[in-house]
Each structure stands twice: as structure tokens, then as C-alpha cells.
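What follows is a short report on a single structure.
The values are calculated or read from the model by the stated rules, or taken from the named source; none is laboratory data. Here the structure is a predicted model, which means the values were calculated and not measured. All Cβ positions, even for glycine, are placed from backbone atoms using ideal geometry, and neighbour counts span all protein chains on display. We work out accessible area using only protein heavy atoms, side chains counted, and drop any ligands, DNA or RNA first. Shrake-Rupley method; radii C 1.70, N 1.55, O 1.52, S 1.80 Å.
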Amino acid sequence: MRYLLPLAAAAFPALVIAQVTQQSASISPEGEKRIVRQVILKDEHGMDVLVEQHLIELENGDYLYLHSSQPRATRELDERICASFGSQVSRGSVIRLSPDTLGGGACRSESPVDPSSAAPQENSAPYLQAVAPGNYVVSANQNSVHRGTSTYRLDSASTVTSDLVIDNRCRQSANDPTPGGVSGTSDVYVNCFMPSAGTAPTRMTACGGGQCVHDANSFSVF
């Protein structure tokens with residue numbers, strides 16, 4: 001059974017309401033709360049675009065976002081955004097969004113490691129680096145895209161987990177199963193509405209191969 005959910009009573013915060021134009025909820029046969037919503041996001045050129053998202057709402061109010069469960073137009077937007085990063089959609093990624101997060105995604109590019117090639121000591125497997133976004137300017141009273149990056153080199157199969165937090169509100173966590181013997185880059189991004197001018201902190205955490213690394217930065221909102 002599907003029912004319309006009034007925006008003022010929805011789980012997401014008031015700051016997000018202006019960007020979500022319609023939302024409905026239903027309970028699946030498995031007992032999951034399924035959310036379908038129309039939301040205004042930024043595309044790969046920074047332009048507003050209205051897309052439909054299919055989400056699973058968790059008990060704490062977070063959402064699960066699965067690329068393969070989205071309508072074609074939404075999947076194509078994910079693909080174009082990843083292409084603008086020089087990467088591809090991570091189709092096996094499980095993405096978790098905070099209520100403040102309008103949208104997000106995960107991109108990945110990786111290649112096999114040639115065992116005969118010697119990597120610099122600082123890049124030998126397992127190697128992991130996280131880079132938080134920062135040192136740029138965005139406009140207030142608009143949503144904007146923010147990207148965190150994980151770089152890795154793994155000698156055995158693992159799961160690369162990326163956790164990006166923007167302005168202590170918008171959060172995206174992605175889990176990517178990764179085979180061993182590869183080096184690669186994982187880019188995760190969020191669409192986050194910035195309500196007022198100031199400085200917004202950012203945090204990025206990456207875990208894989210039995211270790212975690214962290215980075216922090218900030219950007220300006222005017």
C-alpha cells in the first residue's frame with residue numbers, strides 16, 4: 001500500500017523541504033519502508049535537475065540508496081556525475097544517506113596491480129588515503145555537490161568503506177566490495193543544501209585492508 005506523506009511531516013529536516021517537491025511511502029512485503037520522492041539535485045554541470053529517487057528508510061531516519069533500484073533517468077545522472085570525475089558508477093556499492101542529504105553516489109576506478117612492478121614503500125599494499133573536500137566557495141540558499149576521495153592499494157579481497165560528512169549534517173557512507181591485487185580510487189559525493197553564509201567543515205574517513213584513515217577540511221559559503 002502506498003500513501004502520500006505530507007512534506008511538513010516527513011522525516012527529513014525543514015532545510016530540505018524546499019528541494020523535495022513530492023514524497024510517498026509504502027511498506028514492502030518484507031516490511032521495509034520504501035520512499036519514492038521527487039527531489040531537486042545538481043547535475044554534472046552544477047545545474048538544477050528534478051529526479052525521482054527510490055529509497056529505503058531505516059529506523060533511525062537514514063536512507064539506503066541503491067543505484068540499480070533507481071529509475072533510468074536517475075541512474076543516468078549518477079553515471080554522468082561519475083564520468084565528470086573520470087570514473088564510473090560503483091554498481092555494487094551500498095549507500096547510506098543521512099536525512100539532511102538530498103542525494104549522493106559512489107564512483108570507482110581500479111586496475112590490477114602488476115606483482116612484478118615495485119611500488120614505492122609509502123604506496124605498498126595495503127595502502128589507503130582519504131581526502132576531504134575543501135578550499136572552494138559555494139552559494140548559500142542552494143544545494144551543491146561535494147566529493148570525498150579514497151585511494152587504495154589492496155593485496156587481498158576487502159571492503160572499502162568511505163564516509164563523507166559535510167557541515168556536520170549531510171552524510172554519505174558507501175561500502176564497496178573490492179578484490180585483492182588492485183589499486184584504485186573511490187569517489188563519494190553528496191548533494192547538500194547550504195542554508196547560510198559561513199565556513200562549512202568536511203570530514204572523510206576511508207577503511208579497508210584492516211585499517212582506517214581520516215582527513216578534514218572546510219569550504220566557504222557566501
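Worth a mention:
- Taking segment 130-142 as the range and being in a strand (DSSP E or B) and either in contact with a Lys or Arg (Cβ under 6 Å, 6 or more places away or on another chain) or under 13 Å from Ala200 (Cα atoms) (or both) as the test, the residues that pass are Val137, Val138.
- Qualifying residue in segment 195-212 (condition: open to solvent by less than 30 Å² (accessible area, probe 1.4 Å), in contact with an Asp or Glu (Cβ under 6 Å, 6 or more places away or on another chain) and modelled with pLDDT of 95 or more): yes
- Residue satisfying all of: in segment 167-183; open to solvent by less than 40 Å² (accessible area, probe 1.4 Å) and over 17 Å from Cys212 (Cβ atoms); farthest from the chain's Cα centre (by Cα) among these: Gly181
- In segment 52-88, residue surrounded by the fewest Cβ atoms within 10 Å (Cβ to Cβ) [restricted to those that are of a type in the set (S, T, N, Q) and part of a helix (DSSP H, G or I)]: Ser68
- Segments classed as strands (runs of 3 or more DSSP E), wholly inside segment 150-220, with at least 1 members that are basic (Lys, Arg): 170-178, 198-208
- Evaluation of Asn143 against (1) surrounded by 15 or more Cβ atoms within 10 Å (Cβ to Cβ); (2) touching a Ser or Thr at 6+ places or on another chain (Cβ under 6 Å); (3) farther than 21 Å from Ser90 by Cα (one fails), failing number: (2)
- Asn191 being open to solvent by 30 Å² or more (accessible area, probe 1.4 Å) and touching a residue at least 24 places away in the same chain (Cβ under 8 Å): no
- Within segment 175-187, the set of residues being closer than 17 Å to Leu97 by Cβ and in contact with an Asp or Glu (Cβ under 8 Å, 6 or more places away or on another chain) comprises Ser186 only.
- When Arg91, Arg147 are checked against the criterion of being modelled with pLDDT of 95 or more, among the basic types (Lys, Arg) and not in a helix (DSSP H, G or I), Arg147 stands alone in meeting it.
- Of the residues making up segment 155-166, those that are in contact with a Ser or Thr (Cβ under 6 Å, 6 or more places away or on another chain) and crowded, with 23+ Cβ neighbours inside 10 Å number 3.
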